[in-house]
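Here the structure is laid out as structure tokens; the discussion comes afterwards.
The values are calculated or read from the model by the stated rules, or taken from the named source; none is laboratory data. In this text the structure is predicted, and so the values were computed from the model without any measurement. Backbone-built Cβ (ideal geometry, glycine too); neighbour counts: all protein chains shown.
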Amino acid sequence: MSQNSFVAVAGATGGMGRLVIQELSKRHVAVKALVRPGSNRQKLAPIAQLEGVSIVEVDMADGLADVLLKTQGNLLQAAVAAKVPRFIPSDFSLDFTKTQPGSNRNLDLHREFHKQLDQSGIAWTSVLNGAFMDMMAPPVSLVDRQKRKIDYVGNADQKVDWTTMADAAAFTAAVAADTNPTPRILRVASD
């Protein structure tokens with residue numbers, strides 16, 4: 001990356017955003033961590049102390065559709081206007097390109113945003129990592145060891161790709177820091 005370039009990361013106080021910022025900092029990439037006004041200062045402190053990271057407050061909407069379409073759409077428009085070389089949308093999910101439209105509202109929102117990406121003219125890369133392995137552990141845990149029960153959505157025989165948030169963040173940082181063209185869709189899974 002050039003000396004004047006940086007990577008902007010929206011959602012810096014969230015689990016995935018924080019991990020991506022840490023991975024970028026390890027790679028000595030300048031980062032603008034985008035946060036909502038009034039974000040929790042305790043969550044921001046460790047991020048602000050990382051090498052090459054600056055905190056930037058931006059007004060973002062709440063709600064899944066607002067975040068995936070409107071807020072991310074605004075970030076996309078800003079990236080296009082600023083002639084950013086690559087945009088990495090907040091997909092981090094199972095491979096929705098292989099699912100049936102209308103089968104899942106959240107995946108349909110990703111598909112809808114990808115129409116904006118296709119029309120934008122900007123280079124982009126989606127990181128599709130399956131489910132986060134971190135959901136197997138407390139406090140979110142899908143596994144209840146005491147009851148010997150595993151929660152699932154849909155068919156219990158459905159195969160699922162799993163990736164840790166840390167691995168997904170490392171893949172994302174590698175894509176963001178790479179000046180070479182990358183695939184539009186990076187499909188990954190942990191060991």
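Return the pairs, sorted by first residue and then second, in which the second residue is surrounded by 18 or more Cβ atoms within 10 Å (Cβ to Cβ) and among the charged types (D, E, K, R), the first residue lies in segment 167-191 and is in contact (Cβ under 8 Å) with a residue 24 or more places away in the chain and more than 19 Å from S25 (Cα to Cα), the beta carbons are less than 7 Å apart, and the residues are 6+ apart or on different chains. Pairs found: S190/D167. In segment 165-185 there is no residue matching the filter, namely being assigned to a helix (DSSP H, G or I), of a type in the set (S, T, N, Q) and either modelled with pLDDT under 90 or surrounded by fewer than 15 Cβ atoms within 10 Å (Cβ to Cβ) (or both). Of everything in segment 148-164 that is assigned to a strand (DSSP E or B) and modelled with pLDDT under 90, the residue that is nearest to R105 (Cα to Cα) is W162. Does D134 satisfy the condition of being outside any loop (DSSP other than H, G, I, E, B) and either within 30 Å of A78 (Cβ to Cβ) or among the acidic types (D, E) (or both)? It is true that D134 is outside any loop (DSSP other than H, G, I, E, B) and either within 30 Å of A78 (Cβ to Cβ) or among the acidic types (D, E) (or both). All conditions but one from (1) touching a residue at least 24 places away in the same chain (Cβ under 8 Å); (2) part of a loop (DSSP other than H, G, I, E, B); (3) more than 24 Å from P181 (Cβ to Cβ) apply to E112; the one that does not is (2). Contact map, segment 120-147: residues that are modelled with pLDDT of 90 or more paired with residues that are part of a strand (DSSP E or B) and surrounded by fewer than 10 Cβ atoms within 10 Å (Cβ to Cβ), Cβ distance under 9 Å, separation 6+ or inter-chain. No pairs are found. Looking only at residues in segment 3-58 that are of a type in the set (G, A, S) and within 17 Å of A79 (Cα to Cα), which one is surrounded by the most Cβ atoms within 10 Å (Cβ to Cβ)? Per the criteria, the residue is A33. Each residue in segment 97-109 was checked for being touching a helix residue (DSSP H, G or I) at 6+ places or on another chain (Cβ under 6 Å) and touching a residue at least 40 places away in the same chain (Cβ under 8 Å), and 1 of them qualify.
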